[in-house]
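One structure is given here, and the rest of the page talks about it.
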Amino acid sequence: MKRWIASLLLGLYSISGWAFEFKVEPVADNVYAVVGEIGPRTPENHGLNNTLGFVVTDEGVVLVGSGATPAGAKLVEEAVASVTDNPIRLLVNIGVQDHHWMGNSYFADKGVPIKALARTVDSQRQQAVAHIGRLSSQVGDEAKTVVPTYATDIVDADRQTFEFGDVTFELLWPGDGHFVGDAVLWLPQTRTVFTGDFVFLGRLLGIHPTSPVAKWQQSFHEIEKLAAAHVVPGHGHPADMAKAKAETGDYLDWLITGVSKALEDWQDLGDTIEQMGDAPAFAHLQFFDGWHKRNVHQTYMQLEAAR
Ligand SMILES: [Zn+2]
């Protein structure tokens, strides 16, 4: 009990499931981040190596993201219940990657409506089989419990403002990013943006063949225009826009600028990776050693193909 009070005073709430600690962190008035593992997906963390969140309104809770599996979704539900007795009344999907939506079936079975942009749903449908395959290599048999379940309220536009209880939300697509069809949720009253995987904090972002890096860079600058006071990232702890810029926007700018120059100079791939292998401004980020050179490689392949 005392420990619970101590964590309440600290403004941190923890949900333990085996060795996995799920942290609920207050972001703004009635806005919370649910911060999962910063490291890789494992069976113990149910693939929840990302950040979700929720908003407590006077009509119930609006949940942003559902986790990677039904069991993970239940942990997300418990995280919400650790700070409010209000029921979850709406689930919003802003992400295409597994851990942002593959727990949807758990909430759909309880009758919770799910809202998403049409382009997010289209991309989820295209990626579902590949993502479940990858998930099974990371969390094992639990991946078999995933029942791909899509939004019930599909928004056929790139921007929609809606009210839920006493809170105004704006679901919008700033351009593609980590995945085609990723979106953000903007709360103008508290100047909070749930960026999903457009922003990675504390760990280096990863550019996959399915991540259009030049578009991601532009999308980041679109998100900056919201002038958010609070950023709930797709991975990592909530922060402000300055930190999001330092750890995600600046890195995308650095990659694009450096690789574009290398291509103009007719520099080959191997020399470019070698030359850009050190990036002191970002070397402190987790996974830098494993991901950075792959990111330079992937950026080079994409920008070269686009020339
Ligand atoms: Zn992610």
| request: Inspect all residues belonging to segment 224-232 and state whether any of them is open to solvent by 40 Å² or more (accessible area, probe 1.4 Å) and outside any loop (DSSP other than H, G, I, E, B). | output: yes
| request: Quick one: in segment 80-101, of everything that is closer than 29 Å to Gln126 by Cβ and among the hydrophobic types (A, V, I, L, M, F, W, C), which residue is surrounded by the most Cβ atoms within 10 Å (Cβ to Cβ)? | output: Trp101
| Counting just the residues of segment 26-53 that are over 19 Å from Asp98 (Cβ atoms) and not aliphatic (A, V, I, L, M), which one comes out most open to solvent (accessible area, probe 1.4 Å)? | Asp29
| request: Hey, can you tell me all the residues within segment 113-148 that are touching a residue at least 60 places away in the same chain (Cβ under 8 Å), outside any helix (DSSP H, G or I) and more than 17 Å from the chain's Cα centre (by Cα)? | output: Val146, Val147
| Any residue at all in segment 160-168 that is at pLDDT 95 or above, within 16 Å of the ligand (Cβ to nearest atom) and not in a loop (DSSP other than H, G, I, E, B)? | no
| Which one is nearest to Val213 (Cα to Cα), of the residues in segment 233-279 that are under 27 Å from the mean Cα position of the chain (by Cα) and loosely packed, with under 13 Cβ neighbours inside 10 Å? | Thr257
| field | Selection from segment 280-307 of residues that are under 16 Å from Val259 (Cβ atoms), over 21 Å from the mean Cα position of the chain (by Cα), part of a helix (DSSP H, G or I) and charged (D, E, K, R) | value | Lys293, Glu304
| remark: The correct count of residues that are within 11 Å of the ligand (Cβ to nearest atom) and either of a type in the set (Lys, Arg) or over 16 Å from Gly236 (Cα atoms) (or both) in segment 95-107 is 3
| remark: Conditions (1) within 16 Å of the ligand (Cβ to nearest atom); (2) within 19 Å of His292 (Cα to Cα); (3) open to solvent by 10 Å² or more (accessible area, probe 1.4 Å); (4) in contact with a helix residue (DSSP H, G or I) (Cβ under 6 Å, 6 or more places away or on another chain) -> Pro209 fails only (4)
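The values are calculated or read from the model by the stated rules, or taken from the named source; none is laboratory data. This one's a predicted model, so the numbers in the text were calculated from it and none came from an experiment. Don't worry about glycine lacking a Cβ; one is built from the backbone with ideal geometry, like all the others, and counts go over all protein chains shown. For accessibility, only protein heavy atoms count, side chains too; no ligands or nucleic acids. Shrake-Rupley method; radii C 1.70, N 1.55, O 1.52, S 1.80 Å.
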